[in-house]
Structures are given as structure tokens and as C-alpha cells.
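Q: I have a structure I would like to understand better, so I am pasting it below and will then ask my questions one at a time.
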Amino acid sequence: MAVATVTVRSNVAVGVASGKYVCDSSLTLTPINIGFKPSFVKVWNITDQDVVTIWSEDMADGKAITWGTAATAVASGAITPITHADGTNFGFSVGTDASVQEASKTYGFIAFR
């Protein structure tokens, strides 16, 4: 599993969840269970404070926009919403792009329904 620890804070409002995840050394697609399928997700690197990534429901799965020193499009491996299908994961997944996962780094997120 790529994410060693996920902490989802209590939903700060109906349809809003925030939290953080800590990546381990093996980067793989990782589900983040927040209790609903989001329409907007913002993820940022807490450790290095060098990148912010956003995804909205108007984007294709796995895509995103990321800001470091300049905004760039992420073609794949970013954020994908997860619908409630298997009874265990309901939220979004983070892929293996460095904008959403980097070994031994902590990322924060906020997601809106």
C-alpha cells in the first residue's frame, strides 16, 4: 500500500471532509475513504509545501491541475472519484503522480460533495 496512514477529520460541514495522508516508499493507487463521492478535491504537500493539486468533477478520472512554481496539467495518476460500489471505499483515490504522492511525504486534502 502506498499510503501508510490516512487521517480523515470529522466532516467539517455536511458534504465536506478534510484530512491528511502519509506516503510510504511504494507508490500505488490508494483509496481515501471519506464517506461520499466528491465533486472537488484539493491536495497539497504538507512536508515540502511545494505543490497544490486540484481536481473537479468536470475533469476526467486521474487528471488534475497542479501548481508548483507554475500551473501544469496532470495527464494521469492524479485524483479519481470512487463511487460506493464494494461497501468499503467511497471517496477518491490518489494515483502515483508526484503531485499527489511522494515517498515519505505528508499530504493534506479537502474534498467537497
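Q: Within the range 54-90, count every residue that is touching a Gly at 6+ places or on another chain (Cβ under 7 Å) and either surrounded by fewer than 21 Cβ atoms within 10 Å (Cβ to Cβ) or not hydrophobic (A, V, I, L, M, F, W, C) (or both).
A: The total comes to 6.
Q: Here is a follow-up. Scanning the range 7-39 for residues that are of a type in the set (A, V, I, L, M, F, W, C) and surrounded by 18 or more Cβ atoms within 10 Å (Cβ to Cβ), which turns out nearest to the chain's Cα centre (by Cα)?
A: Among those residues, the one meeting the criterion is Ile32.
Q: Which of the strands (runs of 3 or more DSSP E) contained wholly in the range 6-110 include at least 2 residues that are in contact (Cβ under 8 Å) with a residue 24 or more places away in the chain?
A: Filter on the range 6-110 gives 16-23, 30-33, 40-45, 52-56, 64-67, 79-82, 91-94.
Read the figures in this text as sums done on the coordinates, not as results from a lab. These figures come from a predicted structure and were not determined experimentally. Here the Cβ is made from the backbone with ideal geometry for all residues, glycine too, and neighbour counts use every protein chain on show.
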